Amino acid sequence: MLGAILGDFCGAQYESRCSRYDGSRPLLNGGCRFTDDSILTFATAETLLGGDRSAERFARGYMEWGRAYPNRGYGRGFRSWLENGELARNDSFGNGSAMRVSPVGWAARTRDEALELARASALYTHGHPEGVKGAQIIAAAVFTLRQGASNDELKNYLEATFGCDLSTPVAQIMAQGYAFSAACQGSVPQAVRCFLESSSYEDAVAKALLLNGDTDTQADMAGALAQVRFGVPEAMRAAALAAMDEKMKAVLLAFEGRFMGGAP
């Protein structure tokens, strides 16, 4: 969970594309901040801590957190959904469903449960098949890595189950002129590939930022997977906790205590 939040925290300053990440700046710097990716990840975690894990409860959680933390970079469709105030279904295939889903991979007891909870979390706001699939890819990847899967095992499972292509190296993706995409199908596989090539948590996040696409969200997704394999560096954890308000911190610590053995 924190791995996703930190990816967002480090990548937010590059999202507007006014400045591009070139690897020369440290990941932690004065421009770090929490965007909608983090806010809605907290919402997912809070829902999982409760007894009701229905699609409606996930949707209500996203609405509650989105309204409590306005102006965090929510997409246009999600903003309209928040403003409308009704739990109407939206068939978006944006990567918002994937950026917030990593807690599901930690809370699920089986991979089938991870897939079903991911579907429930996406249904109201990202009900398009690609929106649901994006959430399921990240949730299933987190769960699969928790079971000790190798990179090849994870890659083979995701490609066989979801039909995504994870074979293109990050350097080749960049050389081909990767363009910004906020769609699940245009950003989730690329973020997973960044993790597959990484040697540390920081390396996974840096690779996602170097794509210079939807930086905060791709770093969020790559960071979610990297946390399972590498953990989160203590200095980065401390920086994130220092930036959180009490509500955020309470949800994170409760979630870690219940589903992650209290470990960072």
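Computed from the coordinates by the stated procedures, all read-outs in this text should not be read as laboratory data. Quantities reported herein were computed from a predicted structural model and do not represent experimental measurements. FYI the Cβ positions are ideal-geometry reconstructions off the backbone, even for glycines, and counts take in every protein chain you see.
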Problem - Potential extension, Ser24-Leu49 segment - 0.36 nm per residue separation minus Cα distance - result: 5.1 nm
Problem - Among Ala235, Ala206, Ala12: highest mean-square fluctuation, GNM of the chain, C-alpha pairs under 10 Å - result: Ala235
Practice task
Determine the gain in length on full extension of the stretch Arg258-Asp203; use 0.36 nm per residue of separation and subtract their C-alpha separation, reporting nm with one decimal.
Solution key: 17.0 nm
Practice task
For Glu153 paired with Arg109, estimate the spin-label separation in nm (one decimal), with each label point 7 Å from Cα along the Cα-to-Cβ line.
Solution key: 2.2
Practice task
Just need the relative contact order of segment 1-119 here, percent rounded to a whole number, with Cα pairs under 8 Å and 6+ apart.
Solution key: 28
Completion exercise
For volume of the Cα convex hull per residue in Å³ the list reads (i) 112; (ii) 146; (iii) 271; the calculated value is entry (i)
Completion exercise
Over the chain, the sum of -39500 (n - 2.57) across DSSP H runs of at least four, divided by residue number and rounded to 500 deg cm²/dmol, gives at 222 nm -19500 deg cm²/dmol
Handout entry: Most mobile of Asp152, Asp165, Asp37 in a GNM of the chain (Cα contacts under 10 Å)
Key = Asp152
Exercise for the section: Have a look at Gly23, Gly77, Gly96 and tell me which one the Gaussian network model of the chain (Cα, springs below 10 Å) gives the largest fluctuation. Expected result: Gly23
Fill in the blank from the handout: Log entry: pair-distance distribution for segment 118-264, C-alpha pairs binned every 5 Å from zero, whole % per bin is 2, 10, 17, 21, 20, 17, 9, 3, 0
Practice task
Could you grab the relative contact order for the chain? Cα pairs under 8 Å, six or more apart, rounded to a whole percent.
Solution key: 28
Fill in the blank from the handout: In nanometres, the difference between 0.36 nm per residue of separation and the alpha-carbon distance of Arg60 and Thr168 is 35.1 nm
Problem - Computed over segment 73-218: relative contact order in percent, which uses C-alpha pairs under 8 Å that are six or more apart - result: 23
Practice task
Search the structure for amide H atoms under 5 Å from the amide H of Asp214, placed 1.01 Å from N in the peptide plane, and list their residues when 5 or more places away or on another chain.
Solution key: Ser181
Fill in the blank from the handout: To the nearest 0.05, the calculated FRET efficiency linking Asp245 and Ala175 through their beta-carbon distance, R0 being 41 Å, is 0.50
